[in-house]
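For reference, the structure is listed below as structure tokens.
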Amino acid sequence: MDISYFLHQFGGEAHDLRSYFAPGRVNLIGEHIDYNGGWVMPFALPQGIEALVRPNLESHTLRVASRQADAVLYIDLDAPDAFDRRPVAWHNYPLGVVRHISRYLHLPLGGSRYTAQQQSAYAVGFVVFGCREVLIAYILLHLNQHLMYEDRTAITRICQQAENDFVGVQCGIMDQFAVAAARAQHALLLNCQTLYHRQVPFATALWSIVILNTNKERAPKRIEI
């Protein structure tokens, strides 16, 4: 993690920063099955998104900076238009998560400043947006000492709802669930309708898994009537 980027954006000292990490994921079986309520089997990657966080409990302003996008999202939690959709597409992913946590869970959010960046340039092609959503939800719940941060299923539901209702991507729950619940050296067998799941031992020492970057951007498609 390049701490200098965080300090450049927000100032302060490095000693009071906290670090969080969420893995990316790859799906072995079940592409396009998750949003139809079927069975999937993803597994987590060592590559993912790492975030540096500095709590600022005296403020109700939350700032998110992405090194990859080289842009900063400002959320004034006291402003009446705090949760209006933003013209920059990636802003709406963290914004939707914060909106759902604060509005539906009535969670008293303390302001915090944090930045998320890719762990390595190689991860850019296949680290999904679900990874960033889960990371931000977990950070906010953990910083506010809300017991829900231990409930990975609840976190995945929040993140899926944010992406469906706020961002406008009608995704299933596989991405978020894999990021939140997958374990090292295991694949995750998941029923996307019932959320029944179990860990399947999956040692990859004897195989190579090739991941390709299609450069296909994931974005919501809205139909105007």
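A few notes on this one:
- Residues that are in contact with a Gly (Cβ under 7 Å, 6 or more places away or on another chain) and not charged (D, E, K, R) number at least 3 in the following strands (runs of 3 or more DSSP E) confined to the stretch 12-83: 18-27, 42-55.
- Residues of the stretch 84-94 satisfying the condition of being over 18 Å from I139 (Cβ atoms) and either assigned to a strand (DSSP E or B) or in contact (Cβ under 8 Å) with a residue 12 or more places away in the chain (or both): R85, R86, V88, A89
- Taking the stretch 89-106 as the range and being of a type outside the set (S, T, N, Q) and within 17 Å of the chain's Cα centre (by Cα) as the test, the residues that pass are A89, W90, H91, Y93, P94, L95, G96, V97, V98, R99, H100, I101.
- Residues in the stretch 163-192 that are within 21 Å of L28 (Cβ to Cβ) and either touching a His at 6+ places or on another chain (Cβ under 8 Å) or assigned to a helix (DSSP H, G or I) (or both): M174, D175, Q176, F177, A178, V179, A180, A181, L188, L189, L190, N191.
- Against the list (1) within 22 Å of T156 (Cβ to Cβ); (2) hydrophobic (A, V, I, L, M, F, W, C); (3) buried (at least 17 other Cβ atoms within 10 Å of the Cβ), the condition F21 fails is (3).
- Filter pass, R67 being among the charged types (D, E, K, R), surrounded by 16 or more Cβ atoms within 10 Å (Cβ to Cβ) and touching a Leu at 6+ places or on another chain (Cβ under 7 Å): no
- Subset of the stretch 24-58 (residues that are surrounded by 15 or more Cβ atoms within 10 Å (Cβ to Cβ) and of a type in the set (D, E)): D34, E50
- The C-beta contact set for the stretch 178-195 (first residue more than 18 Å from C159 (Cα to Cα), second residue among the charged types (D, E, K, R), distance under 6 angstrom, 6+ apart or interchain) comprises L189/R198.
- The residue of the stretch 186-218 that is farthest from G38 (Cα to Cα), among those that are modelled with pLDDT under 90 and touching a Phe, Trp or Tyr at 6+ places or on another chain (Cβ under 8 Å), is N213.
- Meets criteria (touching a residue at least 12 places away in the same chain (Cβ under 8 Å), of a type in the set (S, T, N, Q) and assigned to a helix (DSSP H, G or I)) for Q160: yes
- Annotation note: of D34, D76, D16, the sole residue that is among the acidic types (D, E) and in contact (Cβ under 8 Å) with a residue 40 or more places away in the chain is D34.
- The stretch 140-183: number of residues that are small (G, A, S), buried (at least 18 other Cβ atoms within 10 Å of the Cβ) and closer than 17 Å to L95 by Cα: 1
The values are calculated or read from the model by the stated rules, or taken from the named source; none is laboratory data. Note that the coordinates shown come from a computational prediction; the quantities given were computed from them, not determined experimentally. Because the Cβ atoms are built from the backbone with ideal geometry, glycine has one as well, and the counts that use them run over all protein chains shown.
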